[in-house]
Amino acid sequence: MTPASPIRTLTRDAALNLAGQLTPFAIAFLAMPATIRALGPERFGILGLAWTILGSAGLVDLAAGRAVTKFASAALAQGDRRHAAVATKGAARSQLVAGVAATLALAAFTPLAVGRLLDVPESLAHDARIVFLMVAVALPAVLVTGCYRGLLEASGRFDLVNAQRVVWGSMTFALPWLGVSLGWSLPQIAATLVAARFVSALVHAALAYRQLPELGHVRASGFFGDVVVFGGHITIASLILSLHRMADQFLLGALSTLAAVGHYSIAAEMALRLSVIQTSIIGASFPSLVAARAARDGRAARAVVGRMATFVATLLGPPCALLVALAHPILGWWLDGETADAVATPLRLLVTGAFISSFAGIAIASLQAYGRPEVVTRLRMWLLAPLLLGQAWAIANFGIEGAAWGALARSAFETTLLTAAARIVATTPPDSATAA
């Protein structure tokens with residue numbers, strides 16, 4: 001059998017990834033208008049914050065998955081299934097510990113957030129506290145799921161991975177829709193979201209154990225060093241990005257209103273969903289990029305990066321341009337005129353930022369494939385305080401539009417720096433890069 005061409009392989013795997021991620025977006029498109037109308041702007045703002053926290057934890061989950069994919073795929077390529085199992089189990093153990101720590105941190109932060117930082121009406125304060133505590137409980141399940149998903153991707157089971165994405169990603173929006181239809185309270189809706197996260201973790205674990213039975217015969221007597229260090233850098237970088245995204249909404253809640261948080265969350269969710277195109281392409285290309293870097297084949301690596309950039313620009317550019325040009329009519333048709341007025345400008349700005357950030361994603365994948373994830377971590381740590389201060393100033397002075405302008409500026413600045421860093425690392429001899 002003739003091997004598939006790189007472009008055909010990328011197209012097939014990216015299409016599977018894209019289908020798995022776009023289906024939940026379609027459910028969100030159908031569900032959100034009814035959910036917003038039933039909950040009202042303030043209660044929907046609380047739900048939006050819960051989504052943001054779970055989504056931010058999902059970024060860390062993806063970081064662990066990327067690390068497991070890298071090391072497990074290398075082990076499986078050499079026929080060392082036991083090594084792949086140990087890597088996966090060690091990563092899952094580290095994520096479980098991180099998840100418990102995140103649960104305790106969010107639980108401790110909840111009284112301060114609801115009581116002082118957020119503009120929560122007294123009538124909703126009790127529900128808000130319960131919702132945030134429930135979301136905190138779900139964090140270990142969210143973080144562990146990525147490890148098992150990463151093993152499935154390393155095994156080439158994109159069919160299983162994306163079948164789960166369709167089911168559990170859709171639940172994020174379908175369960176609140178069902179809840180408001182049945183008259184559930186906000187804590188009841190949050191409880192169903194938390195339960196879904198735990199069931200998702202169990203299903204992913206069962207599929208991983210079936211794919212690699214050696215998981216049942218190895219012990220993670222300690223943390224698997226290489227995976228944890230690699231994934232740790234990605235996790236820290238992802239946490240910083242998550243902190244920025246959460247800060248956008250928490251600062252709006254503190255310096256503006258919960259209604260502004262609800263409106264911003266609509267625009268942010270739509271812009272974030274566009275990133276599925278970028279992540280689908282990068283996820284499908286990453287194993288090839290790792291192989292090229294491992295073989296020290298700079299020409300092949302540049303070809304993979306070039307294909308990623310071409311696919312991203314071709315597939316992501318048109319929908320971004322459409323949303324920027326027709327934001328208000330689309331929102332008015334989907335939601336209502338008042339919401340469209342509040343969301344249109346932030347949506348245009350956040351969509352533009354999402355397009356720019358897609359090329360930062362390519363640079364990050366290149367740095368990770370080259371074994372230099374710490375470059376991203378260091379850069380984001382250096383920029384964290386200045387960007388947060390700038391965002392607080394923008395929100396305090398310009399409200400929801402200031403938040404969107406700040407997010408756009410952050411995307412452009414970070415993309416420029418990461419692209420430059422990736423080019424420097426790509427032209428640095430491997431020995432020098434390691435020494436650095």
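The values are calculated or read from the model by the stated rules, or taken from the named source; none is laboratory data. Source: prediction; values computed, not measured. Cβ atoms come from the backbone with ideal geometry, glycine included; neighbour counts cover every protein chain shown.
When the range 249-271 is filtered for residues that are in contact with a Lys or Arg (Cβ under 8 Å, 6 or more places away or on another chain) and either aromatic (Phe, Trp, Tyr) or surrounded by fewer than 22 Cβ atoms within 10 Å (Cβ to Cβ) (or both), nothing remains. Count of the range 294-308 residues, restricted to those that are crowded, with 22+ Cβ neighbours inside 10 Å and not β-branched (Val, Ile, Thr), is 2. For the range 116-131, a residue qualifies if it is assigned to a helix (DSSP H, G or I) and within 11 Å of Leu258 (Cβ to Cβ), and the qualifying residues are Leu124, Ala128.
A residue that is among the charged types (D, E, K, R), crowded, with 16+ Cβ neighbours inside 10 Å and part of a helix (DSSP H, G or I) cannot be found anywhere in the range 330-338. Of the residues making up the range 164-211, those that are within 30 Å of His126 (Cβ to Cβ) and assigned to a helix (DSSP H, G or I) number 30.
On the phi < 0 side of the Ramachandran plot and assigned to a loop (DSSP other than H, G, I, E, B): which single residue out of Thr377, Thr428, Thr415 fits that description? Spell out how you get there, then give the answer.
Values: Thr377 fails: assigned to a loop (DSSP other than H, G, I, E, B); Thr415 fails: assigned to a loop (DSSP other than H, G, I, E, B).
So the residue among Thr377, Thr428, Thr415 that is on the phi < 0 side of the Ramachandran plot and assigned to a loop (DSSP other than H, G, I, E, B) is Thr428.
For beta carbons closer than 7 Å, sequence separation of 6+ or different chains, a first residue in the range 36-58 that is over 18 Å from Val114 (Cβ atoms) and a second that is of a type in the set (Phe, Trp, Tyr), the qualifying pairs are Ile36/Phe44.
Set side by side, the residues Ala85, Ala101 differ, and just one is surrounded by 19 or more Cβ atoms within 10 Å (Cβ to Cβ) and not β-branched (Val, Ile, Thr), which is Ala85. Evaluated against (1) out of contact with any Asp or Glu (no Cβ under 8 Å at 6 or more places or on another chain); (2) within 24 Å of Ala75 (Cβ to Cβ), His233 falls short on exactly one condition, (1).
Would you check if there is a residue in the range 93-101 being of a type in the set (A, V, I, L, M), at pLDDT 80 or above and over 23 Å from Thr145 (Cβ atoms)? Explain how you work it out, then say what you get.
Of the range 93-101, the ones of a type in the set (A, V, I, L, M) are 96-98, 100-101.
With the extra rule that they be at pLDDT 80 or above, the set shrinks to 96-98, 100-101.
Next, only the ones that are over 23 Å from Thr145 (Cβ atoms) stay: none.
No, the range 93-101 contains no residue that is of a type in the set (A, V, I, L, M), at pLDDT 80 or above and over 23 Å from Thr145 (Cβ atoms).
Is it fair to say Leu143 is touching a residue at least 40 places away in the same chain (Cβ under 8 Å) and in contact with a Lys or Arg (Cβ under 8 Å, 6 or more places away or on another chain)? Break it down stepwise before answering.
Details: touching a residue at least 40 places away in the same chain (Cβ under 8 Å): yes; in contact with a Lys or Arg (Cβ under 8 Å, 6 or more places away or on another chain): no.
Here the answer is no, as Leu143 does not meet what is asked.
Of all the residues in the range 155-201, those that are more than 23 Å from Phe71 (Cα to Cα), of a type in the set (S, T, N, Q) and more than 17 Å from the chain's Cα centre (by Cα) number 4. Number of residues in the range 138-163 that are of a type outside the set (D, E, K, R), in a helix (DSSP H, G or I) and surrounded by fewer than 19 Cβ atoms within 10 Å (Cβ to Cβ): the value is 1.
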